[in-house]
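Before any comments, here is the structure.
The values are calculated or read from the model by the stated rules, or taken from the named source; none is laboratory data. This is a predicted model, so every value here is computed, not measured. Positions of Cβ are generated from backbone atoms using ideal geometry, with glycine treated the same way; all protein chains shown enter the neighbour counts.
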Amino acid sequence: MIEAIPSYYFPNKLGRILLLAFEEVMGKSGLNALLNLSSLSHFIGNYPPNDDDKIISFEIISQLQHALEQGYGSYGGRGLALRAGRIFFSNGLRTYGPDLGLNDTAFRLQPPDLKLMDVLYSLTDFFNQYTSQQVVLEENEQNILWRIERCPWCWKRKEFEPTCHFAVGMLQEALYWISGGKFYNVIEETCIAQGDSACLIVIDRIPLA
């Protein structure tokens, strides 16, 4: 008996937020072109419904990122993915903020350092609970380590450099939001697409500005 390879998913609601983030960055016609290029034309004018059914496969998410680089080049695709990731966090916060506990008075009254880690731990728990993504959060004296052990952004890709730019943009915006407008150095150091065991995104504890 041949075992089927398991598929992994995002819920429809999160997939909808993802496509709307790309639309905000690229415009509707730009997103339609991207969907055609990634063989996902069935989403044109037909975004996922606003529900929690897990239908948006990791293959779909990875195809979008890959098509972005095909259409705009590695540098242009990276910039667009970073911007879309930032919007994805902002729009997702409006939808999932209460579930994450980020609107609670107790959260808002915490010291900045604790509040920052609270957001990152809440995001970790969110992705592990609501999606098939697997994230582990670690710390050392200089850095915070966001380790994606099952990653949708580079799913089944083989590349020569880290490619999970969307995730980097999402974390950049999360840190910017919680710090009241400060920028943090956020770099993906290893990537499963390169053959590494995990996609490791390293965040400096001290903001740049």
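Annotations
- Residues being part of a strand (DSSP E or B) and touching a residue at least 40 places away in the same chain (Cβ under 8 Å) - total across the range 164-209: 6
- Residues in the range 18-32 include at least one that is in contact with a Pro (Cβ under 8 Å, 6 or more places away or on another chain) and at pLDDT 90 or above.
Conditions (1) more than 16 Å from the chain's Cα centre (by Cα); (2) assigned to a helix (DSSP H, G or I); (3) under 22 Å from Pro11 (Cα atoms), marked per residue:
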position	(1), (2), (3)
Gln110	yes, no, no
Lys115	yes, yes, no
Phe127	no, yes, yes
Leu145	no, no, no
Glu161	yes, no, no
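- Residue match in the range 158-174 (condition: surrounded by fewer than 17 Cβ atoms within 10 Å (Cβ to Cβ) and either touching a His at 6+ places or on another chain (Cβ under 7 Å) or among the β-branched types (Val, Ile, Thr) (or both)): no
- Test: residue in the range 117-124 that is within 23 Å of Phe183 (Cα to Cα) and of a type in the set (Val, Ile, Thr): yes
- Restricting attention to the range 36-63 and to residues that are assigned to a helix (DSSP H, G or I) and over 18 Å from the mean Cα position of the chain (by Cα), the residue that is surrounded by the fewest Cβ atoms within 10 Å (Cβ to Cβ) turns out to be His42.
- Counted residues, the range 147-157 - those being surrounded by fewer than 15 Cβ atoms within 10 Å (Cβ to Cβ) and either among the aliphatic types (A, V, I, L, M) or outside any loop (DSSP other than H, G, I, E, B) (or both): 1
- Yes/no for Ala167 being in contact with a Phe, Trp or Tyr (Cβ under 6 Å, 6 or more places away or on another chain), on the phi < 0 side of the Ramachandran plot and aliphatic (A, V, I, L, M): yes
- Counted residues, the range 175-193 - those being farther than 14 Å from Asp204 by Cβ, of a type outside the set (A, V, I, L, M) and either touching a Lys or Arg at 6+ places or on another chain (Cβ under 6 Å) or surrounded by fewer than 23 Cβ atoms within 10 Å (Cβ to Cβ) (or both): 4
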